[in-house]
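Below: the structure, in structure tokens.
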Amino acid sequence: MERVASKAEARLAVTEARREGKTIALVPTMGALHEGHLSLVRAACERADYVAVSVFVNPTQFAPGEDFESYPRDLEGDLGLLAGEGVDLVFSPSVGAMYAADAAAVVHPGPLADHWEGEVRPGHFSGVATVVTKLFSVVRPDLAFFGEKDYQQLRVVERVVTDLDLGVRVVGCPIVRDDDGLALSSRNAYLSAEERSSALALPAALEAAAAAVAWGEREARAVERAMLERVAGVRGLELDYAVVVDPRTLEPLDRVDRTARALIAGRVGRTRLIDNAALAPSADIGGAGTTEGNR
Ligand code: PAF
């Protein structure tokens, strides 16, 4: 496994792999890797001949006052985990290596980025779209792997890839959960035991939404109420949103007559958590997660 910190070295490494006719995959991460990231890496290793993982805590996707400074960083630990997975290249640039001091151009992803996370974290998706576009430009992958845990991010990246003709196949991978149901996230490390038990209300609310749909509820507002009832009164949880949306446009739905997505987000103490789940009125669960075909 080669480790590089400059764009030039990363470009060179991948160019050689491409010259050998290899299919190139990129797994973009911000490090502090867990089983969720490793599931992306494993999916990439199954699908591509050459797998690059970027480890970069991207400052432009954090708003002032967010946790950029304190975001968990453990490059040595990350390298140890990746070494066992058959990864070919780890690209871990510094902020200075990634962004010129006078960098000014940014990618605006459009209306998909306005709702939900975009409302709570203004500028967040522009930062994500910009860094992902830059990473794609350096690595020029055939395939790129993203987790469905950041469902809106996945949709935003697909939009950017399509609209800017980036020629990358975006592959969405299922959420990985701990045994207690909490979706894996590098930010879970911030939670105290008490906060963690409050955070479990998020996946429980998604289960309540799925159960309501399974029992025949088709009014999206009623499904949202089922989520709100589940989180009401949970100690220390401040909900940002709990909504039922179209899985592609992320616009609120009135009815759940076809596969929908429930999105939920909130803050427990100082930790911001997001989660989501497919809602399938029939046996077509999983349709919302099919994210390929946008090359
Ligand atoms: O999901 C993440 O970890 C980040 O948003 C990403 C895609 C690596 C861009 O910085």
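The values are calculated or read from the model by the stated rules, or taken from the named source; none is laboratory data. Values in this document were obtained by computation on a predicted structure and should not be read as measured data. Don't worry about glycine lacking a Cβ; one is built from the backbone with ideal geometry, like all the others, and counts go over all protein chains shown. The protein model used for the area step is the full one, side chains on, heavy atoms only, and it has no ligands, DNA or RNA in it. Shrake-Rupley method; radii C 1.70, N 1.55, O 1.52, S 1.80 Å.
Before we move on, is LYS149 part of a helix (DSSP H, G or I), within 16 Å of the ligand (Cβ to nearest atom) and either more than 27 Å from CYS45 (Cα to Cα) or in contact (Cβ under 8 Å) with a residue 60 or more places away in the chain (or both)? Steps first, answer last, please.
On the way: part of a helix (DSSP H, G or I): yes; within 16 Å of the ligand (Cβ to nearest atom): yes; either more than 27 Å from CYS45 (Cα to Cα) or in contact (Cβ under 8 Å) with a residue 60 or more places away in the chain (or both): yes.
When the stated conditions are applied, LYS149 passes them.
A quick yes/no check of all residues on (1) assigned to a helix (DSSP H, G or I); (2) β-branched (Val, Ile, Thr); (3) under 19 Å from ILE274 (Cα atoms); (4) away from the ligand (no atom under 12 Å from the Cβ):
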position: GLY127; (1), (2), (3), (4): yes, no, yes, no
position: LYS134; (1), (2), (3), (4): yes, no, no, no
position: ARG155; (1), (2), (3), (4): yes, no, yes, yes
position: LEU166; (1), (2), (3), (4): no, no, no, yes
position: ILE175; (1), (2), (3), (4): no, yes, yes, yes
position: SER198; (1), (2), (3), (4): yes, no, yes, yes
position: LEU206; (1), (2), (3), (4): yes, no, yes, yes
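Which members of region 12-37 meet the condition of being outside any strand (DSSP E or B) and among the β-branched types (Val, Ile, Thr)?
VAL14, THR15, THR23
Go through the residues of region 27-47 one by one and say whether even a single one is exposed (fewer than 15 other Cβ atoms within 10 Å of the Cβ), more than 16 Å from the ligand (Cβ to nearest atom) and over 19 Å from GLN153 (Cβ atoms).
At the first step, the residues of region 27-47 found to be exposed (fewer than 15 other Cβ atoms within 10 Å of the Cβ) are 35, 46.
With more than 16 Å from the ligand (Cβ to nearest atom) added as a condition, the list becomes 46.
Next, from what is left, pick out any that are over 19 Å from GLN153 (Cβ atoms): 46.
Yes.
Just one of PRO72, PRO122, PRO109 is part of a loop (DSSP other than H, G, I, E, B), in contact (Cβ under 8 Å) with a residue 40 or more places away in the chain, farther than 21 Å from ARG42 by Cβ and in contact with an Asp or Glu (Cβ under 9 Å, 6 or more places away or on another chain); which is it?
PRO109
If you take the residues in region 162-172 that are crowded, with 21+ Cβ neighbours inside 10 Å and within 15 Å of the chain's Cα centre (by Cα), which one is nearest to ALA43 (Cα to Cα)?
Of everything passing the filter in region 162-172, GLY172 is nearest to ALA43 (Cα to Cα).
If you check LYS149 against the conditions, is it open to solvent by 30 Å² or more (accessible area, probe 1.4 Å) and under 10 Å from the mean Cα position of the chain (by Cα)?
Here the answer is yes, as LYS149 does meet what is asked.
Which of the following residues is touching a residue at least 60 places away in the same chain (Cβ under 8 Å) and closer than 17 Å to ASP254 by Cα: ARG187, ARG218?
Just one listed residue meets the conditions, ARG218.
Return the residues of region 48-69 that are open to solvent by less than 50 Å² (accessible area, probe 1.4 Å), in a loop (DSSP other than H, G, I, E, B) and farther than 22 Å from GLU16 by Cα; say none if nothing qualifies.
Passing the criteria: PHE56, VAL57, ASN58, PHE62, ALA63, ASP67, PHE68.
Between a first residue in region 268-283 that is within 14 Å of VAL120 (Cα to Cα) and a second residue that is of a type in the set (Ser, Thr, Tyr), which pairs have beta carbons less than 6 Å apart while being 6 or more apart in sequence or on different chains?
THR271/TYR190
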